[in-house]
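Take a look at the structure set out below.
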Amino acid sequence: MSKALILGGDTGLLGQALTMVLDKSNWNVETLGRRNGNLLDPQFLQASLEKISPDVVFNAVAWTAVDDAEDHPEEAGILNRTLPHSLARILSKSKTFLVHISTDFVFSGAGYTPHKEEDEPQPTSVYGRTKLEGEKAVLALIPERSCIVRTAWLFGPGRKNFVDTIISACKHRDTIKVVHDQTGSPTYTLDLAHWCRVIAEKRASGIWHAVNSGQASWCELACEAVSLAGASCRVEPIATSEWPQKAKRPVFSVLDNGKLAALIGKPPRPWTQALREYIFSTYLPAQQGEDAC
């Protein structure tokens, strides 16, 4: 039985999914978060890692408040760059494998071809830049015993996300406005956790793009969620310019998951199928589907 340590496993959107998936796969799972101590204290982090002695560490902790990062670049850098660097430095003296979660925001969003792992990153926000710096820190220190898993547009159980926000808004409004000119890769956290488990079990080092198949705009994702939930409100498409935000968002940040498909032996299921399972199990439990990732 492999032992996993999940940073953010108690409260994080992906961390909770990892905890559920690994538990069901008979892993010995430990979690570490703010409730346990200061993850940014190198001495606490090292003592915790030495005490738990995991086979695999999953780092699902990050500063993900994209707009706030523009106002707090140093704080964002500490979580997104310094923490993974500390993890990799400590683990360089062990045989532990590190799965570090990253993001589509490392790309600028230029062009309309899905980004592959070898494409040159060009972040345009503090969040994207600090996440890329975290990637580089890990790969520089333990390239053979680590992997970077880039993902995007997460939805799933355990913590409020875009899909939940849309469905909640529809309960109180007749019309909601959603951006239609940003396109990405909606991803179900339970599917992502499954792929991370496979990557960890295979000790598949390097960079991996892990997203559900297909692509969508925020507006298309919202429309599909509203339809599946049986909500009656109307989704009105708007341009990014009508919804100003501090951080620049990639216009097209779809990730190519062909490399992942080859590893798991089949293409990841479409985001529409995964969304259907999430909404039916969360909002319409009597109609829960039996889809499998």
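The values are calculated or read from the model by the stated rules, or taken from the named source; none is laboratory data. As the structure is a prediction and not an experimental result, all values here were calculated from the model. With ideal geometry, Cβ positions are generated from the backbone for all residues, glycine too; neighbour counts draw on all protein chains shown.
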- request: Answer yes or no: is there a residue in the stretch 225-235 that is part of a strand (DSSP E or B), out of contact with any Pro (no Cβ under 9 Å at 6 or more places or on another chain) and not polar (S, T, N, Q).
  value: yes
query: Can you tell me how many residues in the stretch 126-155 are of a type in the set (S, T, N, Q) and either out of contact with any Pro (no Cβ under 9 Å at 6 or more places or on another chain) or under 16 Å from residue 204 (Cβ atoms) (or both)?
result: 2
task: Just give me the residues in the stretch 239-264 being touching a helix residue (DSSP H, G or I) at 6+ places or on another chain (Cβ under 8 Å) and either among the hydroxyl-bearing types (Ser, Thr, Tyr) or not in a loop (DSSP other than H, G, I, E, B) (or both), in sequence order.
output: 253, 255, 260, 263, 264
message: Return the residues of the stretch 120-129 that are closer than 20 Å to residue 210 by Cβ and touching a residue at least 12 places away in the same chain (Cβ under 8 Å); say none if nothing qualifies.
response: 121, 123, 127, 128
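Conditions (1) buried (at least 20 other Cβ atoms within 10 Å of the Cβ); (2) touching a Gly at 6+ places or on another chain (Cβ under 6 Å); (3) over 22 Å from residue 247 (Cβ atoms); (4) of a type outside the set (D, E, K, R), marked per residue:
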{"residue": "159", "(1), (2), (3), (4)": "no, no, no, no"}
{"residue": "170", "(1), (2), (3), (4)": "yes, no, yes, yes"}
{"residue": "174", "(1), (2), (3), (4)": "no, no, yes, no"}
{"residue": "181", "(1), (2), (3), (4)": "no, no, no, no"}
{"residue": "186", "(1), (2), (3), (4)": "yes, no, no, yes"}
{"residue": "198", "(1), (2), (3), (4)": "no, no, yes, yes"}
{"residue": "204", "(1), (2), (3), (4)": "no, no, yes, yes"}
task: Check the stretch 173-185 and report whether any residue there is part of a loop (DSSP other than H, G, I, E, B), touching a His at 6+ places or on another chain (Cβ under 9 Å) and either over 27 Å from residue 82 (Cβ atoms) or among the aliphatic types (A, V, I, L, M) (or both).
output: yes
message: Against the condition of a type in the set (Asp, Glu), assigned to a helix (DSSP H, G or I) and in contact (Cβ under 8 Å) with a residue 40 or more places away in the chain, how does residue 117 come out, does it pass?
response: no
message: Can you find a residue that is of a type in the set (A, V, I, L, M), touching a Gly at 6+ places or on another chain (Cβ under 8 Å) and modelled with pLDDT under 95 anywhere in the stretch 253-266?
response: no
message: I'd like the full set of residues that are surrounded by fewer than 21 Cβ atoms within 10 Å (Cβ to Cβ), among the acidic types (Asp, Glu) and either over 26 Å from residue 81 (Cβ atoms) or under 17 Å from the mean Cα position of the chain (by Cα) (or both), limited to the stretch 128-157.
response: 133
statement: Every listed condition ((1) touching a strand residue (DSSP E or B) at 6+ places or on another chain (Cβ under 8 Å); (2) in a loop (DSSP other than H, G, I, E, B); (3) crowded, with 16+ Cβ neighbours inside 10 Å; (4) not aromatic (Phe, Trp, Tyr)) holds for residue 274 save (2)
